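Step one of this worksheet: look at the structure below.
Coordinate-derived values only; no laboratory data. Since the model is a prediction, treat every value here as computed from it, not as a measurement. Note: ideal-geometry Cβ built from the backbone for every residue, glycine included; neighbour counts use all protein chains shown.
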Amino acid sequence: MSAQQHEQARYYLHIGHDQLNRREQAALDTHLAECAVCRAYATDLAGNQERLVRAMDVRWGRYSPSPDLGARVSTRLQRRIRQRQVVNLVGATVEGALVVLVIVLGWVLVRQAQWSPVVPASPPATATPQPPPPATDDGGWAALPGLATFGEELKLLDFALPASSLPPGATAEMVLYWQTPTDNPAFMVFAHLLDADGRPVVQVDAPLSDGACSAGIAATCLSIPLPEQLAPGPYQLVVGVYDEDSGQRLTTETGQAELALTTIQISPLPIESLPSSPTPFPIPPSCPVTLANGSTPPGEEPIPDHHGNGAIWTTLWPEGKVLIPPHWVRPDGSLTMEWGWWRGAEGQLTVEGRRLDTPLAPPLLAELAEGYAETGFQGGELIFPSEGCWEVTGKVGEAELTFVVFVVKVDELP
Amino acid sequence: MNYVDTMQLLSRCQEGDSPSIESLVGTYQPIVYRLAISILDDPAEADEATQDALMAALRKLSSYRGEAKFTTWLYTITLNVCRGRLRKRHSHARLVQVLQALYRSTGEPETQPEQTAIHNETHTRLWQAISALDDRRREAIIMRYYHGLSLQEIGQVLAVSERTVRTWLHTAHEQMRVMLAGEGEWQ
């Protein structure tokens, strides 16, 4: 019996029998039936949990709310209602006075217009056609969520990094999406790759927009060459902006001149030299699967499978493959998978999706669990009507996160 | 109180019906207080936090859409109120101090058989192990074992995924096991 099996059993015991799913319960029961050490651990754990509960109950259970607590809440509530009534009364009075004032002023103006002589030198204001109100700098994009704002108006909306794990010598291609204050901002973007000690190992600079900018939205394409001698491990990618003329860096809302965007994992071996193991479920080249960018949702423990854009996050399967074991296949043949989402902003999460390799396939369905807070985690299930290459989009308000996965049925999970 | 009764009561409270509000306060103040005392470990402050939490709940009643259990929603509000209070009094240091001082204290009120039991060495070490956990793992342990919440409910109250709650509970147990190792328990 391996150490991993003992560890797994202990994990299940810590979670508690009543909180395990059927598969986990069965695995735990099977292990306990064969392992005296883990049975003894389970007994000890149960005893200690009982003592823990008793200790907490003794410590806190003897206290109760003061007898007049309900009355005090009622008093505070009534006071609040009275305050609100007073505020409403004052508000209504002021509102009424304003209405009267507007009526009186209107009447005065009408009378003046009727009886005053026309002065040619100063035509009435209505005679001059007024230009339409100027469009705001950010026009219709004002509500776009972003990762950070540099300076006063330059907002980094999102980024794309197709491959977050690369070998030394490769080139990391990335795109930064901006909401810009003008159509042709004279800004330069820099990206630094920092080692564990915070030292830059690669630096690249590029114009924020090289003409591809329109309607206040710009994209910056960056090619980050990774040195051949780069040691394997995680490297932090930071980006920033500086004025092309003065060289002065723009700072974010929090006063920082650079923004830690994501982590690039340098793999220990070049991809070409990795031992060629047969891939049981090869992904067709036409399926552009998304690899996790490591963006961790607020409050969660960082893991490499987290993927997000600062507004919505999820967890992606390794290599972009979603493996569906038999017990997740529904009687109608559709494939289900539990899927977690994190919402950075308040709003109703909706999920939609389509198969990229067969346009005639029915769309993705999602059953989202209810009862979660207005932001943060929301669980649910994705229902893929068939195997294949699926594009999935989660939306909350204006924010959305799209990724591509390759869904395949398997006899058992590896 | 079943789901329909709760929703009807809440609906009347939203309309400002005083008897319904009193009924709501009377029904839920024990569980709010129970959570508050377990987080704040101070009866007087738990009393104030209970008032604040109930007032906040009544204020926000229109935002409750009946998707989660009402008690879970109430737990979330109460926990936020308690966290605010803990922040004000430099929570971590205070909580550790309180928990560590728990069994060094003298002159406690009436002694009960259970209190005698709690004063033994085993429980002292148990409490020290709990107090050494970080805030979120301690909250997860308290909600799981003292309040009997499911992992899903804990996740909803703490606004994290069920998987994260699992990880926290597991690592909390492991940390406690390490702390208590060699002392003949939790290993």
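What average count of beta carbons from other chains do you get within 10 Å of the Cβ of residues in B:35-43?
Shielding by partners across B:35-43 averages 3.
Give the shape of the stretch A:1-97 as rounded, prolate or oblate, defined through the alpha-carbon gyration tensor: a ≥ b ≥ c are the square roots of its eigenvalues, a/c under 1.5 means rounded, and otherwise the shape is prolate if a/b is larger than b/c and oblate if not.
Cα axes put the stretch A:1-97 in the prolate bin.
Please give me the summed charge of the neighbours of B:HIS170: other residues whose Cβ is under 11 Å from its Cβ, Lys and Arg +1, Asp and Glu -1.
Taking every Cβ under 11 Å from that of B:HIS170, the sum is +3.
Which of B:GLU153, A:GLU412 has the fewest other C-beta atoms within 10 Å, and how do the rest follow up to the most?
Lowest count first: A:GLU412, B:GLU153.
When the Karplus curve 6.51 cos²θ - 1.76 cosθ + 1.60 is applied with θ = phi - 60°, which whole-Hz ³J(HN,Hα) does each residue of the stretch A:347-352 get, with x for Gly and Pro?
x, 7, 7, 10, 10, 9
Tell me the trypsin sites (Lys or Arg not before Pro) within the stretch B:40-90 that lie in a loop according to DSSP and have at most 11 other beta-carbon atoms within 10 Å.
B:LYS60, B:ARG65
How shielded is A:48-54 by partner chains, expressed as the average number of their Cβ atoms within 10 Å of its Cβ atoms?
Whole-number average of other-chain Cβ neighbours for A:48-54 is 6.
Quick one: 3J(HN,Hα) in Hz for the stretch A:315-330, Karplus 6.51/-1.76/1.60 with θ = phi - 60°, rounded, Gly and Pro as x.
Computed from phi, the couplings for the stretch A:315-330 are 10, 9, 6, x, 6, x, 9, 10, 9, 10, x, x, 6, 9, 8, 7 Hz.
Out of residues 5 or more away from A:VAL201 or on other chains, whose amide H comes under 5 Å of its own, with H placed 1.01 Å from N in the peptide plane?
Distant-sequence amide H within range of A:VAL201: A:LEU193, A:LEU194, A:ASP195.
Once fully extended, how much extra length lies between A:GLU352 and A:CYS35, figured as 0.36 nm per residue of separation less the alpha-carbon to alpha-carbon distance?
Length gained, A:GLU352 through A:CYS35: 109.6 nm.
With each label point set 7 Å from Cα along the Cα-Cβ vector, what nm distance links A:GLU173 and A:VAL329?
For A:GLU173 paired with A:VAL329, the spin-label model returns 3.6 nm.
Please report, in whole Å, how far the alpha carbons of the stretch A:299-353 spread along each principal axis, starting with the longest.
Rounded to whole Å, the extents work out to 36, 26, 18 Å.
Using a simple spin-label model with points 7 Å from Cα along the Cα→Cβ vector, what separation in nm is obtained for A:ALA345 and A:ALA186?
Result: 3.3 nm between the two label points.
For the residue pair B:LYS60 and A:GLN25, what label-to-label distance in nm results when each label sits 7 Å from Cα along the Cα-to-beta-carbon direction?
Each label point is offset 7 Å from its Cα along the Cβ direction, giving 3.4 nm.
List the residues, sorted by chain then number, that are 5 or more residues from A:LYS321 or on another chain and whose placed amide H is less than 5 Å from its amide H.
Under 5 Å from the amide H of A:LYS321 lie the amide H atoms of A:PHE406, each far enough along the sequence or on another chain.
Return the FRET efficiency for the residue pair A:THR43, B:SER150: r is the Cβ-Cβ distance, R0 is 22 Å, and the value is rounded to the nearest 0.05.
0.40
Kindly state, to the nearest 0.05, the FRET efficiency for B:ARG83 paired with A:VAL110, given R0 = 56 Å and r defined as their beta-carbon distance.
So the FRET efficiency works out to roughly 0.40.
Check the straight Cα-Cα distances from A:LYS395 and name the lysines below 23 Å, setting aside those fewer than 8 residues away within the same chain.
A:LYS155, A:LYS321
Along the stretch A:2-18, what does the Karplus equation 6.51 cos²θ - 1.76 cosθ + 1.60 (θ = phi - 60°) give for ³J(HN,Hα), rounded to whole Hz, x for Gly and Pro?
Karplus-based 3J(HN,Hα) across the stretch A:2-18 equals 7, 4, 5, 5, 5, 4, 4, 4, 5, 4, 4, 5, 5, 5, x, 3, 6 Hz.
For the ranges A:281-291, A:298-308, what's the packing order if you count other beta-carbon atoms within 10 Å of each residue, average per peptide, and put the highest first?
A:298-308, A:281-291
Residues with amide H under 5 Å of A:THR251's amide H, sequence separation 5 or more or different chain, H placed in the peptide plane at 1.01 Å from N; which?
A:GLY151
State the extension gain, in nm to one decimal, for the chain segment bounded by A:ARG79 and A:SER223, taking 0.36 nm per residue of separation less the distance between their alpha-carbons.
Between A:ARG79 and A:SER223, full extension yields 45.5 nm more.
Using the alpha-carbon centroid of each, what span in Å lies between the stretch A:344-414 and the stretch B:46-82?
Answer, in whole Å: 31.
So which GluC sites (Glu not before Pro) in the stretch A:149-181 pass both tests, a DSSP loop state and at most 10 other Cβ atoms within 10 Å of the Cβ?
Listed in order of number, the matching sites are A:GLU152.
I'd like the FRET efficiency for B:LYS69 and A:GLU319, computed as 1/(1 + (r/R0)^6) with the beta carbon distance as r and R0 of 51 Å, rounded to 0.05.
0.85
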